[in-house]
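Structure record follows, encoded as structure tokens.
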Amino acid sequence: MSLAVAVPAGVPRGSYREMWLITLGHSLTHWYPATFYLLLPIIGKELGLSYSQIGLIMTCQYIAGAVANIPGGVLVDTVGRKGVLMAISLFWVGFPYLLMGFTHSYLMLLGCVALVGFGNSLWHPTAIPTLARRFPDRKGLVLSLHSMGGNVGDAIAPIVVGALLAVLSWREVIVLNVAPGIVISLLIFVFLGTLQMGGKKREVSSQAQGQAQSLRDYFRSVPELFRNRGLVLLSTSSAFRSMTQNALLTFLPVYLAYEMGYSPFWVGACLFALQTAGFVAAPIAGHLSDRMGRKSVMMTSMAMTAVVLVFMALAGKSLAFVFFVAVLGFFLYAIRPVMQAWLLESTPRNMGGTSIGVLFGAQALGSSIGPLLGGLVADSFGLSATFTFLAATIVAANLFILFMPGTQVARE
């Protein structure tokens, strides 16, 4: 039985200026972690860390995100100032990376990445439901454009930072890196929050900011939300997909640097290829899911991800391995906006922030487990075995999608 997605009557079309500013902010929330992935091999060597200790760094970040995502969703659904929340989130993501530039302690490093996880927990529950409300009949496409912003940050950061590392130390790069986040968080606060100009207080429309609700009304809706089959299945599937993605982003640079002997610039170039492929895939998948339904697009992308990971494990230390990295990016990143749109269509509209918070909490949990398990596999069986392990995790993610009902998207 298919589900029809109805467009709420009287909802105005969103402003594309708002969409692009939110998308730019999203690119910065990905820029900082993408920078850190490139720095991990350098930090690991400087501090003498094992593969498991490197994996634990990212595990701490994503455990913090998993813990904070649901409270973040509660805050989003009960507070109307969405622009202010996005500005705070972006600043909170960037500032802990500045602190990392001044630490020589492994424990302090773990504390800083945990703070990043807390900051990231506010962005997606705020931005994604806001965009979905503003573009109700184009959720897949608009959320894919938002996702592309993340891909831009993920793609450009490694190649820029890889080039900077040729002339600067990693600590100097981290200090310089905080400036873009401060600038964009101020722009978001001004244009999507509240602007004081000439004695007049201007607010963006309530549609863009999102409606607040009382805590009593909110908690009345919570039991129904957590009984929602779509929320449970999509969140669990997403946890396994994120386990794959984050373990890959943690150990792919390590593999390229340690096993293939690539310089920081060429490691950054490979990560750029991975993210650029995802950048191309996102709008294609988003548009197709608006027209053909979410389920078919997601299952196809996940199945192809598993196949490519197996080919990567078989390719070993060859140029074919680098080629498969780019192909992997196309399928791995295509489904993120599709899953987000599907979740918002399957859950109550007034609980959008919490729904996305649960989704990203599950993703953070998967992301926290993935690097640690990947590190244990690498320490026991070799780094190449990690890619075979990741193929198994993406197959598990696909199994949960099998139980989701199909979605027939309403056309204009």
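May I ask you to list the residues in the range 291-321 that are touching a Leu at 6+ places or on another chain (Cβ under 8 Å) and at pLDDT below 80?
Hit for the range 291-321 is M312, nothing else.
In this structure, is H104 more than 16 Å from the chain's Cα centre (by Cα) and either not in a helix (DSSP H, G or I) or not aliphatic (A, V, I, L, M) (or both)?
yes
Mind counting the residues in the range 277-324 that are part of a helix (DSSP H, G or I) and in contact with an Asp or Glu (Cβ under 9 Å, 6 or more places away or on another chain)? It would help to see each step written out before you state the result.
Restricting attention to the range 277-324, the residues satisfying the condition of being part of a helix (DSSP H, G or I) are 277-292, 294-315, 319-324.
Add one more test, that the residue is in contact with an Asp or Glu (Cβ under 9 Å, 6 or more places away or on another chain), and what stays is 278-279, 290, 294.
Here the count works out to 4.
As an exercise: evaluate F331 against (1) open to solvent by 10 Å² or more (accessible area, probe 1.4 Å); (2) not in a helix (DSSP H, G or I) and give the number of the one condition it does not meet.
(2)
Within the range 378-412, restricting attention to residues that are over 22 Å from L314 (Cα atoms), open to solvent by 40 Å² or more (accessible area, probe 1.4 Å) and not in a loop (DSSP other than H, G, I, E, B), which residue is modelled with the lowest pLDDT?
Q408
Which residues, counting only those in the range 138-181, are part of a helix (DSSP H, G or I) and among the β-branched types (V, I, T)?
V142, V152, I156, I159, V160, V161, V173, I174, V175, V178
Given the conditions (1) surrounded by 24 or more Cβ atoms within 10 Å (Cβ to Cβ); (2) on the phi > 0 side of the Ramachandran plot, which single one is not true for G316?
(1)
Restricting attention to the range 66-89, does a residue exist that is closer than 30 Å to A257 by Cβ and surrounded by 24 or more Cβ atoms within 10 Å (Cβ to Cβ)?
As a first pass, look at the range 66-89 and keep what is closer than 30 Å to A257 by Cβ: 66.
Right, trim to surrounded by 24 or more Cβ atoms within 10 Å (Cβ to Cβ) and you get none.
There is no residue in the range 66-89 that is closer than 30 Å to A257 by Cβ and surrounded by 24 or more Cβ atoms within 10 Å (Cβ to Cβ).
The values are calculated or read from the model by the stated rules, or taken from the named source; none is laboratory data. Predicted model only: the values in this text are computed from it and were never measured. As a convention, Cβ positions derive from the backbone with ideal geometry for all residues, glycine included, and neighbour counts pool all protein chains shown. With ligands, DNA and RNA removed, areas are computed over all heavy atoms of the protein, side chains included. Shrake-Rupley method; radii C 1.70, N 1.55, O 1.52, S 1.80 Å.
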